[in-house]
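Below is one structure; the comments refer to it alone.
The values are calculated or read from the model by the stated rules, or taken from the named source; none is laboratory data. These numbers come from a predicted model, not from an experiment. Cβ sites come from the backbone with ideal geometry, for glycine too, and all protein chains shown count toward neighbours. To get the accessible areas, we keep the full protein, side chains included, count just its heavy atoms, and leave off ligands, DNA and RNA. Shrake-Rupley method; radii C 1.70, N 1.55, O 1.52, S 1.80 Å.
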Amino acid sequence: MTAQQDFALKRSQEYKHALFVLVISIALVLVFLVNAFDVTEGTWNKVWGSLTIAYLVIACWQAIILFCMKRDLLNTGDIQKRTRLMSAVNLLTILVGNVFTTTFAFRMLRRKASIEYTISYYMLLTQLLIVSVSLLNLFKPYVSDMFLLTMAVFILLIIFDVVAVVIFGKVDTDRQIKPAFKWLGIALIITGFSGNIFGCILGYSVLLKSTNRDMSTIEKWNKIWSKITKNFTAMLGLLFVIFTFAISIASYGTFVYEFAVENNYESMLLEPSLANPFGTDNFGRDVFSRIIYGARISLIVGVVSTLIPLVIGGFLGAIAGYYNKSIDNVIMRILDVLYAVPGILLAIAIIAAFGANTVNLIIALSVGSIPTYARTMRANVMMVSNLEFVEAAKALGEADWKIIFKQVVPNSFAPMIVKATLTIGGAVIATSSLSFLGLGVEPHIPEWGNILKVGSMYLETNPYLAIFPGIAIILLVLSFNFLGDGLRDALDPKLD
Amino acid sequence: MLHEHMEKIKKSSTYSELIHRYEEQYRSKKLYFNESISEQEMQGEATKLANERVLKMAQAELETTDQSNTNYQHFFAKCLQNRNFVIVSFIPGILMYLFLMIYARPLVRYIFERLVMTVFVIISVTIFVFSILHFSPADPAANILGESATAEQRAEFDHRYGLDQSYWVQLWDATKGILTLDLGYSYTGNEDVMASIANKFPVTLTIAFWSLLMAIVIAIPVGMISAAKTNSFWDYSFMFIALIGLSIPNFWQGLVFILNFSIKWHILPATYSPGDWLSIIMPVIVLGTGLTASIARMTRSSILEVVNEEYIVTAKAKGLKPSRVFINHALRNAIIPIITIIGLQFGGMLGGAAVTEKVFNISGLGSYIVDKQFVPDIPSILGGVVYIAITISIVNLAVDILYAFLNPRIRSQMKNT
């Protein structure tokens, strides 16, 4: 292998992506295989078995694609059209729910990477996932009144998304974008209100490029998003986060709240089936519906208990960093006191005093993480306030608070965004941990920690009750962490 | 003084000699220029010059003679040679002596300042946690005695535990109790709080210690491999696993472990018992997973940051072996942020121990706090939280001091300030 060939392999993001998809597919095959074969009885489970076979076929096909890619890259330095068409077959894998291969197939279909195209197929995938998860409700005894209407809207959205994918697959948005595209952008933003935030991002991007004449804004936007869209793990994280958000909104129309909270003593502790994909708990409640409704709480608590310390800690940190010596010392020494107590322990103490409910949980989690945000903000403000433009603002006689909040803070905010994304995951874990201890969300509300608490009591007889909500937590937290890592690479903040 | 000296010189013969000499000078000058000599002018000129000269002489004389006999410095320097004086001076000057001893050496000064800070933090944490618990709307008397208790019974209860006293008195008692290791009796069970904490804390610390050890032993080599082979298959796999480790909730991991290792395969016991070494394995792994993951990530990123520094390039240019460059130059410099993260994460781990202890039914300090919080049992919670905070503060203090000893950059910085 010559150095050029080696470089071609290393440079190709698509090759890396293909390898990642192959490894993940093989790992999934192994997981399904373990589940499909019951060691003690020596029997095969039909559902898991067929899934294993399907994923095995996908993995083999992926391996063939990978081999072709490698050959193309080594011989010509570029991926050939035939290989790209071969991977188009993998679009079908969405039918068995392998989003990894599907996203890869979509990516391979366009020769040159494009921000809009990438976001549009992720938008389509999110919509498909929402519809397929919602369709599971058809196996229930009855569906909600709004079900048909909501599903009709979703089908329309899917058609619209497919159109968007085709348009952005053909159009080069950096050169041949016309002012007429702004109506498409507005339409996309409106679809984003269904919870599919990809629509908002895509719409904004199109709107920006079709109306704005300021090239520097477009340039900045392109720089950040091209880095994020190239990073497939970050995009997968974003996909799951947005899916969780969208399904929480969609659940208002497609899910029946009674299945999640009302006791049904005829169907206690049932095994997973099509009607109850994750089984039922000790009160006969459908665990699948409970997990879907729990996503709402987890997201709200996670996001709010990150936003509050972000604002308070950011404010204190900005003041401490901008004004030197005495104010800095006072603020930071007070925050040191909060910093000395571990977050969970502080939360337990606060909840012990004021009682366990959602609002107290949010406050308790927020208080503990104020110091870390303040420290990050302070370090950045100290760095930024020595730069020339701050001095220029001072020389122009600008008021201090205006300098802080118009010049310094916007320029030192990137690390805060990264930090916030990375800590939402921690907040989600803390929420469910405290609920598990009985110190978090009220026990009757379907929340992932509460569901797990019930599950932990039936660990010997019905382990799935504890396993599925745990996987939901891991996936959400992992997604936030992937997204945070991707944002860090894209925004490239100078973290201390 | 100066005046005295001048008078003295004027009275002596040198003065008249001087005048005489200046008169001669004046005369020869006038003769040379062929000018008339005015006696009066000559005398005036000579006296003036002589006076100037005398002033200089007097000054010179003063400088040479010993004039410091009225000086403080001299006086004390003499006194200090006296042994008894030194001993006696310690009575009023002890604080000053200490101050000088501390501030003369930057390292000692740094340690001293960190110590003061730690004491401040500990006392503030006590006040903060006590205030939260004190102003809670929950009423321990009502929670323990039940709905049916009469007002007198409740008053009796409040009196027994000092709850009827004012906030300041209670706060003083609590702070004193924390510092003197005497927190009184818990509301439920009426047991000595300090004795309970002393029983339970070692359990938590043992598990935390082993978790820490496991984390360091696994994470640092993993991080080193990832950093040495960046963007390789192993790097991606390790970092992916580390990210999963960061994302797993402790309690869920614990439940899955119990499900597989205890219920299905019967390898390890599901609950912890102090004498049984097998039973500690699962709690240690569960508690240490998050720490392992974050140390591994930190090791990788801090080595990668260091690898691009100029001294690494220099070392490579000198022709050192890559392995030597990596271990002696890169790792040695990268270890500093790793130590910080270990110190910080250790605190988080002690806090998170409550959840793990509940899952494995360990009677440690964390689960003690959780058990007592429903009342709320103020002395128990206060004691538990504050002693954990103290432990963390001491660990961080130790890390900071270790830092100062290890890192030559910080040492030289301290000397410069």
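A few comments on the model shown:
- Relative to the longest principal axis of the Cα atoms of chain B, helix B:13-33 runs at roughly 70 degrees.
- For chain A, taking the reciprocal of the average inverse distance between every pair of different Cα atoms yields a Kirkwood hydrodynamic radius of 25.2 Å.
- Solvent-accessible area of residue A:200, all protein chains in place: 40 Å² (probe radius 1.4 Å, heavy atoms, ligands and nucleic acids excluded).
- Separation of the residue A:132 and residue B:198 label points, Cα + 7 Å toward Cβ, nm: 6.2 nm
- Solvent-accessible surface of protein heavy atoms, probed at 1.4 angstrom with all chains present, puts B:252, B:172, A:448 in the order B:172, B:252, A:448, largest first.
- FRET E, pair residue A:148, residue A:60, Förster distance 30 Å, beta-carbon r, rounded to 0.05: 0.15
- Full extension of the segment from residue A:224 to residue A:4, taken as 0.36 nm per residue of separation minus the current Cα-Cα distance, would add 76.3 nm.
- Among complete DSSP H helices in chain A, those whose alpha-carbon atoms stretch at least 27 Å along the helix's long axis and whose mean Kyte-Doolittle hydropathy reaches -0.5 are A:13-36, A:46-75, A:115-135, A:147-170, A:232-254, A:287-322, A:358-384, A:414-436, A:464-491.
- The trypsin sites (Lys or Arg not before Pro) of region A:192-289 meeting both criteria, a DSSP state outside H, G, I, E and B (loop) and at most 11 other C-beta atoms within 10 angstrom of the site's C-beta, are A:213.
- The ratio of the alpha-carbon radius of gyration of region A:29-68 to the globular-protein estimate 2.2 N^0.38 Å is 1.37.
- Electrostatic bookkeeping for residue B:227 treats Lys and Arg as +1 and Asp and Glu as -1; over the other residues with beta carbon under 12 Å from its beta carbon, the sum is +1.
- Over every Cα atom in the protein assembly as shown, the radius of gyration and the widest Cα-Cα span, Dmax, amount to 37.8, 144 Å.
- Helix-only CD estimate at 222 nm, as mean residue ellipticity for the protein assembly as shown, using -39500 (n - 2.57) per DSSP H run (n ≥ 4): -25000 deg cm²/dmol
- Cleavage-rule hits, GluC sites (Glu not before Pro), region B:7-71, DSSP coil, Cβ neighbours within 10 Å at most 14: B:35
- Here the protein assembly as shown is assigned +1 on the Cβ of each Lys and Arg and -1 on the Cβ of each Asp and Glu. Its dipole about the Cα centre then comes out at about 3580 debye.
- Candidates A:138, A:126, A:433 compared by Cα position along the dipole of chain A: farthest toward the positive end lies A:126, with charges placed on Cβ.
- Expressed in units of 2.2 N^0.38 Å, where N is the residue count, the Cα radius of gyration of region A:1-110 is 1.23.
- Model label zone, residue A:326; criterion: amide N under 20 Å from point 7 Å along Cα-to-beta-carbon; scope region A:376-410: A:400-401
- Net +/- balance of residues flanking residue A:115 in space, Cβ distance below 13 Å, scoring K and R +1, D and E -1: +4
- Once C-alpha pairs closer than 8 Å and six or more residues apart are averaged by separation and normalised to the residue number of chain A, the relative contact order reads 13 percent.
- All-pairs Cα distance distribution in chain B, expressed in whole percent, bin size 10 Å: 4, 13, 16, 16, 13, 9, 7, 6, 6, 5, 4, 2, 0, 0
- Rounded to the nearest 10 Å², the accessible area of residue B:194 at probe 1.4 Å: 40 Å²
- Note on region A:112-256: semi-axes of the ellipsoid equivalent to its C-alpha gyration tensor, largest first and rounded to whole Å, are 31, 15, 12.
- Set of aspartates and glutamates with alpha-carbon distance to residue A:10 below 17 Å, sequence-local pairs under 8 removed: A:72, A:78, B:235
- Prolate/oblate/rounded call for region A:261-495, Cα gyration tensor, a/c under 1.5 rounded: prolate
- Residue pairs, from the table A:70/A:178; A:178/A:402; A:223/B:316; A:140/A:453; A:170/A:220; A:178/A:220, whose Cα atoms sit over 32 Å apart: A:70/A:178; A:178/A:402; A:223/B:316
- Charge dipole of region A:261-495 (Cα centre as origin; +1 on each Lys and Arg Cβ, -1 on each Asp and Glu Cβ, all else neutral): 720 debye, rounded to the nearest 20.
- Surrounding net charge for residue A:322, when Lys and Arg each add one and Asp and Glu each subtract one, Cβ distance under 15 Å: +2
- Dipole axis of region B:263-412 (+1 Lys, Arg; -1 Asp, Glu on Cβ), positive-most option in B:365, B:299, B:375: B:299
- About the Cα centre, charge dipole magnitude for chain A (Lys/Arg +1, Asp/Glu -1 at Cβ), debye: 1820 debye
- Annotation note: chymotrypsin sites (Phe, Trp or Tyr not before Pro) in region B:281-384 located in DSSP loop regions with a Cβ neighbour count of at most 16 within 10 Å are B:374.
- Simple spin-label estimate for residue B:47 and residue A:257 in nanometres, 7 Å along Cα-Cβ: 11.6 nm
- Using a cutoff of 8 angstrom between alpha carbon atoms and counting only pairs six or more residues apart, the relative contact order for chain B works out to 18 percent.
- Computed from Cα positions, the angle between helix B:281-307 and the longest principal axis of chain B comes to roughly 40 degrees.
- With Cα atoms, 0 to 90° folded angle of helix B:106-134 axis to chain B main axis: 40 degrees
- Exposure here means at most 15 other Cβ atoms within 10 Å; with trypsin sites (Lys or Arg not before Pro) in a DSSP loop as sites, the longest stretch of chain B lacking them is B:1-228.
- Residue separation of residue B:98 and residue B:148 scaled by 0.36 nm, minus their Cα-Cα distance, works out to 12.0 nm of gained length.
- Projecting the Cα atoms of A:224, A:164, A:186 onto the charge dipole of region A:112-256 (Cβ charges, centred on the Cα centre) puts A:224 farthest toward the positive pole.
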